[in-house]
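The values are calculated or read from the model by the stated rules, or taken from the named source; none is laboratory data. Note that this is a predicted model, so its numbers are computed, not measured. All Cβ positions, even for glycine, are placed from backbone atoms using ideal geometry, and neighbour counts span all protein chains on display. For the accessible areas, the whole protein counts, side chains as well, though only heavy atoms, and no ligand, DNA or RNA atoms are used. Shrake-Rupley method; radii C 1.70, N 1.55, O 1.52, S 1.80 Å.
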Amino acid sequence: MSEFSITYRYEAYFTTEVFAPGNELLCRALQAGGLTAPVRVFFVVEKELLQFYPELPAAIEGYCRAHVSAMKLAAPPLLQAGGEACKDIGVSLQLCEAFLAARLCRQSCVIIVGGGALLDAAGFAAAIFHRGLRQLRIPTTALSQCDSGVGVKNGVNYLGKKNLLGCFAPPLAVINDAAFLRTLPPEMVSAAAAEAVKVAMIKDSDFFAWLTAQAPAIMAGDLAALATLVRRSAEIHQQHIVTGGDPFEYGSARPLDFGHWSAHKMEMLSEQRLSHGVAVGMGMLIDCRYAVLMGILAKDAYTALRALLRAFALPFDGAVLELRDAGGRRLVMAGLEEFREHLGGQLHITLPTAIGAKIEVTSIDDARMNEAMDLVLRDE
Ligand SMILES: NC(=O)c1ccc[n+]([C@@H]2O[C@H](COP(=O)([O-])OP(=O)(O)OC[C@H]3O[C@@H](n4cnc5c(N)ncnc54)[C@H](O)[C@@H]3O)[C@@H](O)[C@H]2O)c1
Ligand SMILES: [Zn+2]
């Protein structure tokens, strides 16, 4: 019998202008991570960022030169195209080749600067190279700052399946730099808002009220308010990982996937016309309408959610709900079984019982769910 446990400890820091020479945060984060200074660091930087931040590679090199006692560049920053296409095993293996060429060892640190997709692909490469190098994440989208960046998962798509290959690998640290948020297009703000609304709806009624009050300002470009949204959402996600009792997801319950069983299916049925954020908004609305029908959620809560999603420009685009099989069953309903397979074991669906509170149910009444979709489509 072998039994041992490992304690993971990592901080999500918040700053602006992380590579300004006077900003000591990155040095402190590396030091707190326990690696011996000067740490050999290898930067993977999302290439597309250069159109907004052409000075980024030079700023990184300048920062390292200004902090030679804390870190040493193992190679010049590697520019890698990001977005969903980079979540490919070939890209992760190429990154491993670059790590080898730079002679990274288990005391080195890979620092990834980019959106959620690049964090997933480069994080996966770091996690498998020499059985796992430490990785420090600098997420650059609002979504990755408030959700995936502070989490413990990495992965790439394979055989047409999202995140089929991947692993759990907590980062050494996460640094959220609010200065990156200023170049995000509105739809990427909406995408982050969808996940923020999700955690507010099931875990934090005060945050829900705050989001309701601030949505117009956030959508009008108020960066301070967006940074607060990111920070609170990141805190709730992180808190869930720490206190939820199942950080590596061995069980079947996955509360942070509220609204996601139908969202994943709707994204697929729309052939990705629906973005993840819009689909999650729709999925939450459907599940809340179902909860109202089942008598576990007050109608007012559903109405408040609908208004908040609209304020964040997350429309209900119901065309995918009209797709049916030969027997007349909505195709989206197959998402339930796919979700159960994805979780493994028993079906677990999270349903709100009030704004900020939730339960898990292990079965869904098909007819009622179908009725809920009809009602949402009729805006009732
Ligand atoms: N590992 C996890 O736990 C987890 C959780 C949720 C989502 N994800 C993954 O995250 C990915 C989505 O991440 P995302 O929403 O960050 O999108 P993304 O990484 O696909 O990036 C989208 C676009 O934003 C651009 N971009 C990045 N930073 C920018 C900036 N500061 N200004 C302007 N444009 C910028 C990118 O170049 C890219 O074109 C998906 O692959 C999803 O599966 C992972
Ligand atoms: Zn999501």
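Among the residues making up the range 320-341, those that are surrounded by fewer than 17 Cβ atoms within 10 Å (Cβ to Cβ) and closer than 23 Å to D257 by Cα are L331, A334, E337, E338, E341. Filtering the range 32-55 to residues that are in a loop (DSSP other than H, G, I, E, B) and surrounded by 13 or more Cβ atoms within 10 Å (Cβ to Cβ) leaves G33, L35, A37, P38, Y53.
Scanning the range 21-54 for residues that are acidic (D, E) and either at pLDDT below 95 or closer than 24 Å to S92 by Cα (or both) turns up E46, E48. Please count how many residues of the range 5-33 are free of Cβ contacts under 8 Å to residues at least 24 places away in the same chain and either within 20 Å of the chain's Cα centre (by Cα) or at positive phi (or both). Qualifying residue count, the range 5-33: 1. Restricted to strands (runs of 3 or more DSSP E) entirely inside the range 149-193, those with at least 1 residues that are open to solvent by 10 Å² or more (accessible area, probe 1.4 Å), more than 16 Å from ligand 2 (Cβ to nearest atom) and modelled with pLDDT under 95 are 153-158, 161-168. Within the option set L79, L118, being open to solvent by 10 Å² or more (accessible area, probe 1.4 Å) and not in a loop (DSSP other than H, G, I, E, B) holds for one residue only, L79.
Results for (1) farther than 24 Å from G345 by Cβ; (2) surrounded by 17 or more Cβ atoms within 10 Å (Cβ to Cβ); (3) more than 15 Å from ligand 2 (Cβ to nearest atom); (4) over 19 Å from the mean Cα position of the chain (by Cα), shown as yes or no for each residue.
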{"site": "H237", "(1), (2), (3), (4)": "no, yes, no, no"}
{"site": "D257", "(1), (2), (3), (4)": "no, yes, no, no"}
{"site": "H264", "(1), (2), (3), (4)": "no, yes, no, no"}
{"site": "L269", "(1), (2), (3), (4)": "yes, yes, yes, yes"}
{"site": "S275", "(1), (2), (3), (4)": "yes, yes, no, no"}
{"site": "G281", "(1), (2), (3), (4)": "yes, yes, no, no"}
{"site": "M284", "(1), (2), (3), (4)": "no, yes, no, no"}
{"site": "V292", "(1), (2), (3), (4)": "yes, yes, yes, yes"}
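Taken over the range 238-259, the criterion of being assigned to a helix (DSSP H, G or I) and touching a strand residue (DSSP E or B) at 6+ places or on another chain (Cβ under 9 Å) is satisfied by Q238, P255, L256, D257.
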